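Worksheet: the structure to be examined is printed underneath.
The values are calculated or read from the model by the stated rules, or taken from the named source; none is laboratory data. Here the structure is a predicted model, which means the values were calculated and not measured. Glycine also receives a Cβ, built like all others from the backbone with ideal geometry; neighbour counts cover every protein chain displayed.
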Amino acid sequence: MARGASRLFVDVFMTTFVLIPGAGGDAWYWHRVVPLLESVGHRAVAVELPAGDPHAGLDAYVAAALDAVGTPDGDAVVVGQSLGGFTAPVVAERLGAAQLIFVAAMIPKAGETAGDWWVTSGFEDVWGDREMDVMEHFLHDLPPAVLEEALGRGDIRQTDRIMADPFPLTALPSIRTRGIAATGDRFFPVAFMDRLIRDRLGVEPEHVSAGHLPALANPVGLVEVLVH
C-alpha cells in the first residue's frame, strides 16, 4: 500500500462524525449520509434530539447528543444543521472535538438565544414578511422517493423551549471551524449564509449544491465537502 493511501485509511478510520439535525430533531434526516461516511471507514452518529418535549432546553439537547456518541472513536467532528447550530458547538466543546462544521446553520454568539437569532443575525431583514411554506422552502429539491418518505413521516414537531436558552459559551471552541452554505437554499439564502459565515466564523464559506436540507437532497455532495 502506498504511503499516502495508508495515511488516508488511518485518518478516515479514526474519525467519529456527530450529526446533529435541525428543527424536529429527527436522526432520520441523516439516513442518507451515515452509510456514505461509514463506507469510507468513519463512524457516523445521527443524533435524535428531544424536540417534541416541551420541557427540553439546550442542556437536554446537548445531553442527548453526548449520550448518543458515548466515547468517540478517534477524533470527533461535530456537524450542526440549521437549528442544530446552537447545540453543535457545546457538544464539540464537551467532546474535545477536532472540528466543528455548520451546515446551512444558525451560527450563535455568546448569550444569544435561538429566538433572538432571527433578528440579531440579520435574517429577518432578508426574509421580510414572507410566509414559510414547507414544500417551497424545504422539500423542493428532494428526490421523489425521499420526498415521499419525508411526507409519510408526518409534520415536524418542534417545541419552543429550545428557543429561549442563551447560548452558554463565551466563544466558539478554538478548533477548526467551517461553515457550509447550500447554494439552492430558499430558507437561508446563500448570500445571507456566506455573509454570516464570514462575520461570525471569520472563514470563507464552503458550498454544497442543494436546498436547505442537503443531507436529504444531495448526500454525496455534502459528504464530499464534509470529509474535505
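Taking every residue in region 88-109 that is charged (D, E, K, R) and pairing it with any residue that is modelled with pLDDT of 95 or more and outside any helix (DSSP H, G or I), at least 6 positions away or on another chain, the pairs with Cβ-Cβ distances below 8 Å are Glu93/Leu169; Glu93/Pro173; Lys109/Phe167. The residue pairs whose first member lies in region 191-216 and is small (Gly, Ala, Ser), whose second member is in a strand (DSSP E or B), and whose beta carbons are closer than 7 Å, counting only pairs six or more residues apart or on different chains, are Ala210/Ala182; Gly211/Ala182; Ala215/Gln81.
Restricted to region 195-215, and to residues there that are touching an Asp or Glu at 6+ places or on another chain (Cβ under 9 Å) and of a type in the set (A, V, I, L, M), the residue that is nearest to Leu19 (Cα to Cα) is Leu213.
Please determine whether any residue of region 3-18 is assigned to a helix (DSSP H, G or I), in contact with a strand residue (DSSP E or B) (Cβ under 7 Å, 6 or more places away or on another chain) and modelled with pLDDT of 95 or more.
Let us first name the residues in region 3-18 that are assigned to a helix (DSSP H, G or I), namely 3-13.
Filter once more, so that each one left must be in contact with a strand residue (DSSP E or B) (Cβ under 7 Å, 6 or more places away or on another chain): none.
For region 3-18, residues assigned to a helix (DSSP H, G or I), in contact with a strand residue (DSSP E or B) (Cβ under 7 Å, 6 or more places away or on another chain) and modelled with pLDDT of 95 or more: absent.
Screening region 43-82 for residues that are part of a helix (DSSP H, G or I), in contact (Cβ under 8 Å) with a residue 60 or more places away in the chain and not small (Gly, Ala, Ser) and picking the one that is surrounded by the most Cβ atoms within 10 Å (Cβ to Cβ) gives Tyr61. For region 169-228, give me each residue that is within 13 Å of Ile107 (Cα to Cα) and of a type outside the set (A, V, I, L, M, F, W, C). The answer is Pro173, Thr177, Arg178, Gly179, Asp194, Arg195, Arg198, Asp199, Arg200, Gly202, Pro205.
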